[in-house]
Each structure stands twice: as C-alpha cells, then as structure tokens.
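Right, one structure below, let's go through it.
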Amino acid sequence: MKLVFAGTPEVAVPALDALIASGRHEVAAVVTRPDAPAGRGRRLVASPVAERAEQAGIEVLKPAKPRDEEFLARLREIGPDCCPVVAYGALLPRVALDIPAQGWVNLHFSLLPAWRGAAPVQHAIMAGDEITGASTFLIEEGLDSGPVYGTVTEEIRPTDTSGDLLTRLAFAGSGLLAATMDGIEDGTLKAVPQPADGISTASKITVENAHIDWAAPALRVDRVVRGCTPAPGAWTVFREERLKLIQVATVPDRTDLAPGELSVAKNNVYVGTGSYAVELLWVQAQGKKPMRAADWARGVRIPSGERLGV
C-alpha cells in the first residue's frame, strides 16, 4: 500500500522505522506537528519524526491544523491507501479521515477499551495495573473508540517508570503496526468493534496530578512517582521550594514516620506516608541537577522531624 505516516515524538520513530524497513509498503510522506521552540534559546526544532523522515528522504508535511485546505489538497494528491498514526498530537477531522480508502489506523499504547486518551501508559502504572499493551485500531471521530485490528501485551514491572514502559511498547507496537498494514493490504485482517465493558479513560497528566500527597499510602506514592517519570515529573515541597522526586522505593517495615516526615540515616532518606515509609533514592532540587537523595540530604542538613509537603 501507499502510506502516509502521522506521528510526532520520539516514541513514534520505531514504528516509522519498521514501516520503512518492511519494504512491502511505500511510505510516501509523513505528517507531523509544526516545528516547536526547544532548549534555552527557544529556537524552532523539528519533531523527531520529521528528522527521521528527512534522513530517509521522505516528504514531510507540517500543517498547523490537519483541516488546513493546503494540507488536505496535498494529501488527496498523494492518494494514500492508508495512514498509520502514532502519537501525532492533533485531532483529525472527518474530511481528512475520509481521504485514504483504508482509513487512518492508530497505534495506541493500551489494551483497548482500557485507557482511552492521551496518557494511557502513565495511568496504567498509577492505577497499579500488572498487564498493559498496545492496540491498532481504525480511527473514528470518537476518542480511541474505533474497531481494533490487533494487540500485543506487555507486563508492567515493579520498578517501571512510564518512560521505561513506553520505550518497550514503542518497539513492540512497531511490529504490530507493520503487521496490521500487511493484514489490511492482503485482506486477512478485519477490525473488531471494542466491547462496551471495561472502558476507562486516560486524560493528560497535569503538573498538579504529579504533586505527591504524603497522606496517601506508600504504594500510591510509588506509583505516582513512576507514572510521572520522566514527565511531567512527580514533586513535593521542601522549604517552600519544589523538589522533584525521580525514584523512590517502598519500605514496608518502617511505620514510625508521620505523613511527610523525614528521617535521615548515613546513606538513606526516608519519608512517612499514609501507610509505611518510602525511601527517596533520586531527587532534583529547584535549579539543580538530579542527585542521590542521600547527597541532597547531606547538603541541606535536615533536622529531626522536618517534613516534606508543608
């Protein structure tokens, strides 16, 4: 088939690579979000998908909005059979959905209908799910509600951050998306409607969602830290400044600390929660680089009884 691939961030690059490498289909063009300011100088930078497409000599389309008439005209001119999508980042209007004969097929990082929405990996970790995966489905105008072509499953490991898990799903999902294109092309794959039961939604994680509540149980604290790493980054307040929490570990046998209360040993920093303690492993103070929590604690000299989150 002739394909136009839509995607923007680094997590979409493995899928684009898999489609290019398959040799079975022609990736005629790539659709991605416009260049965005990045770095200290805030200069405009192309998306990772745009950079990879340019390296491969593939035409790159960067519409401000996918309903722009100039973009739609070019898409019609290319005449794709199908448009595979991975984390494109913009809603597709009906007029765009109708252009490819086989529609737009999205690679979504959950086992649909679970975790429809913008942040499925983060929500799966924060909810304590043990299994997740990726799904390919035909895009409709509803939120991730279209019929499903296929899935792959992935175990959520006890120490997984959303970054760890998303990286694994990006590579596992790339093979699923390529196989889905093959199945659509040869007619062996039919999309199956999603069940009405088991629907959950995964809204975008905000900075406020990443604010640690020390009255919550230790398992909840651990899940929020892992689910919000690397972005937007879990945080608390220490001496009226934001302290980013990069890695923690639960300590079930330490139950003597009040929520938010700090306890510092030679090489360990513990914090009380609503159940048992967590150990801070890596933190990042405001304006500083990430560091081991024990080194941070030595630098700030924490007296007995001082608390986080106050």
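The values are calculated or read from the model by the stated rules, or taken from the named source; none is laboratory data. If you're wondering where the values come from, they're calculated on a predicted model, not measured in any experiment. Cβ placement follows ideal geometry from the backbone for every residue including glycine, while neighbour counts extend to all protein chains displayed. All accessible areas refer to the heavy atoms of the entire protein, side chains included, with ligands and DNA or RNA removed. Shrake-Rupley method; radii C 1.70, N 1.55, O 1.52, S 1.80 Å.
Dipole of the chain (Lys/Arg Cβ +1, Asp/Glu Cβ -1, origin at the Cα centre): which of ASN209, THR153, PRO93 lies farthest to the positive side? Most positive-ward Cα: ASN209.
Express the accessible area of region 35-117 per residue in Å², computed with a 1.4 Å probe while the remaining protein chains stay in the model. Show your work: numbers first, answer last.
Values: 4170 Å² over 83 residues.
Spelled out: the 1.4 Å probe surface of region 35-117, per residue, equals 50 Å².
If you count the DSSP beta bridges with both ends in the chain, what percent of them are antiparallel, to the nearest 5? Each step should come with its number before you reach the end.
Values: 37 of 54 bridges.
Among the beta bridges of the chain, antiparallel pairing accounts for roughly 70 percent.
Using +1 on the beta carbon of Lys and Arg, -1 on that of Asp and Glu, and nothing else charged, what's the dipole of region 152-209 about the Cα centre, debye to 20?
Charge dipole, region 152-209, about its Cα centre: 100 debye, nearest 20.
Considering helices alone, the calculated mean residue ellipticity of the chain at 222 nm is -8000 deg cm²/dmol, with DSSP H runs of length four and up weighted by -39500 (n - 2.57) and normalised per residue. Between ASN267 and ILE131, full extension at 0.36 nm per residue minus the direct alpha carbon distance yields a gain of 45.6 nm.
For region 250-289, run through the trypsin sites (Lys or Arg not before Pro) and keep only the ones in DSSP coil with at most 13 other Cβ atoms within 10 Å of their Cβ. Qualifying residues, ordered by number: LYS266, LYS288.
Round to the nearest 0.05 the FRET efficiency obtained for GLU140 and SER22 when R0 = 22 Å and r is the Cβ-Cβ distance.
That gives a FRET efficiency of 0.25.
Result for the chain in a Gaussian network model with C-alpha springs under 10 Å: among LEU44, LEU61, LEU91, the largest mean-square fluctuation is at LEU44. The alpha-carbon of LYS289 sits under 16 angstrom from the alpha-carbons of these lysines, leaving out residues fewer than 8 places away in its chain: LYS244. In a DSSP loop and with at most 16 other Cβ atoms within 10 Å, the GluC sites (Glu not before Pro) in region 119-154 are GLU130, GLU140, GLU141. Within the accessible surface of the chain, defined with a 1.4 Å probe on protein heavy atoms only, the carbon and sulfur portion equals 51 percent. Once C-alpha pairs closer than 8 Å and six or more residues apart are averaged by separation and normalised to the residue number of the chain, the relative contact order reads 13 percent.
Under the membrane-span-like helix rule (DSSP H runs whose alpha carbons stretch at least 27 Å along the helix axis, mean Kyte-Doolittle hydropathy 0.0 or higher), the chain yields 162-186. Each Lys and Arg adds +1 at its Cβ and each Asp and Glu adds -1 at its Cβ; summed about the Cα centre, the chain shows a dipole of about 1200 debye.
Residues in region 165-276 average 49 Å² of solvent-accessible surface per residue, probe 1.4 Å, ligands and nucleic acids excluded.
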